[in-house]
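Visitor: First the structure, then my questions, so here it is.
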Amino acid sequence: LAVTDAQRLGIRSGTIDVVVLIFVLFHLPEPSGCLHEVYRVLREGGTVGIVTWGQDPGSPGLSVWREELDREGAAPDPRDPSVMQQESMDTMEKLRHLLNAVGFVSVNVWSANVAHQWTVNDLLAVHVGCGMPARRLASLSSERRERCQARVRTQLGRLTRAELEYRPEVLM
C-alpha cells in the first residue's frame, strides 16, 4: 500500500499488480499524466480500478448556497479550476478514450445510477465542512457566516423529500 503523488509515483516501473483511483482522477490538473504513471508502474497484466462521477446534477441545495453566499458578499470559490476535470471523464466514452489514449487496451467501463436521501441536517453538515460552500464561508466574518447558514437552513427546510435526493451517475 502506498500513498503518493498521483502524477509522480515514487514506484519502480512494472512492479504493481493493482492501482485503485476512487473519486480522485478528476481532481488532478492532468488526469492523463496520472494514468501514464499508473500504466508505467503496473506489471504486465496488472489492473487499474477507477471510480469517478458520470452525469452529476450536483448536491441538493448548492444553488441556495450560491445565492446566500453572494448575498453576504462571500469571496468567490478560491479553488483552482485546473483541479476540476470532471468534464473530461463524465461519460463512459470519455473515460474509455482517456484510458485508451494512455495505452490501456483491455478497457471495461460501466456505469451505475445511485441515490442518496439527504436530511437537511446531514446536508448542511457536509456543505459546511467541505466543497464550495465551506470554501466560500471561510471568507465571511463569524456573524455573516452564521446569518448565511441560518438562511440556507431555512430554505433547505422547505425542500421536499424528492428535492433532497441526490441521484448521480457513477462510472467504474
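Visitor: What list of ³J(HN,Hα) couplings, whole Hz, do you get for the stretch 157-172 from phi and the Karplus terms 6.51, -1.76, 1.60, once you set θ to phi - 60° and write x for glycine and proline?
Guide: So the Karplus estimates, Gly and Pro as x, are x, 8, 6, 6, 4, 5, 6, 8, 8, 9, 10, x, 9, 10, 9, 10 Hz.
Visitor: Can you compute the helix-only [θ] at 222 nm over the chain? Use -39500 (n - 2.57) per DSSP H run of at least 4 residues, normalise by all residues, nearest 500 deg cm²/dmol.
Guide: -11500 deg cm²/dmol
Visitor: While we're here: Go from 0 up to the bin containing the longest alpha carbon distance in the stretch 30-124, width 5 Å each, and give me the % of pairs per bin.
Guide: 2, 10, 16, 17, 15, 13, 10, 9, 5, 2, 1, 0
Visitor: On to the next question. For VAL128 paired with ASP56, estimate the spin-label separation in nm (one decimal), with each label point 7 Å from Cα along the Cα-to-Cβ line.
Guide: 2.3
Visitor: While we're here: Using θ = phi - 60° and the Karplus relation 6.51 cos²θ - 1.76 cosθ + 1.60, list the HN-Hα couplings for the stretch 17-26 in order, rounded to whole Hz, with x at every Gly or Pro.
Guide: Computed from phi, the couplings for the stretch 17-26 are 8, 9, 10, 10, 10, 9, 6, 10, 4, 6 Hz.
Visitor: Over the stretch 70-111, how many percent of alpha carbon pairs lie in each 10 Å bin up to the one with the longest distance?
Guide: Going out from 0 Å in 10 Å bins, the stretch 70-111 shows 24, 33, 20, 14, 8, 1 percent.
Visitor: Still on this structure, I have one more. When the C-alpha atoms of the chain are aligned to their principal axes, what extent does each axis show, in angstrom, from largest down?
Guide: Ordered largest first, the chain gives principal extents of 56, 32, 25 Å.
Visitor: Let me ask you something else. Among THR47, THR160, THR91, whose mean-square fluctuation peaks in a Gaussian network model of the chain (Cα, cutoff 10 Å)?
Guide: Top of the fluctuation ranking is THR160.
Visitor: So, in nm, how far is label LEU159 from label ARG66 when the simple model puts each one 7 Å beyond its Cα toward the Cβ?
Guide: 1.4
Visitor: Continuing with this model, one more query. Over its Cα atoms, what ratio of radius of gyration to 2.2 N^0.38 Å does the stretch 20-68 give?
Guide: Relative to the rule-of-thumb radius for its length, the stretch 20-68 sits at 1.64.
Visitor: Another question about this same structure. Can you give the local net charge around ARG151? Use residues other than it whose beta-carbon is closer than 15 angstrom to its beta-carbon, Lys and Arg +1, Asp and Glu -1.
Guide: So the surrounding residues net to +2.
Visitor: A further question on this structure: With a 1.4 Å probe and all protein chains left in place, how much of the accessible area of the chain comes from carbon and sulfur atoms, in whole percent?
Guide: Carbon and sulfur together cover 52 percent of it.
Visitor: Radius of gyration and Dmax for the stretch 89-172's Cα atoms, expressed in Å?
Guide: For the stretch 89-172, the Cα radius of gyration and maximum Cα-Cα distance read 18.6, 55 Å.
The values are calculated or read from the model by the stated rules, or taken from the named source; none is laboratory data. What you see is a predicted model, and the numbers here were worked out from it, not measured in a lab. Here Cβ is always computed from backbone atoms with ideal geometry, including for glycine, and neighbour counts include all displayed protein chains. Note: accessible area is taken over every heavy atom of the protein model, side chains too, but ligands, DNA and RNA are not part of it. Shrake-Rupley method; radii C 1.70, N 1.55, O 1.52, S 1.80 Å.
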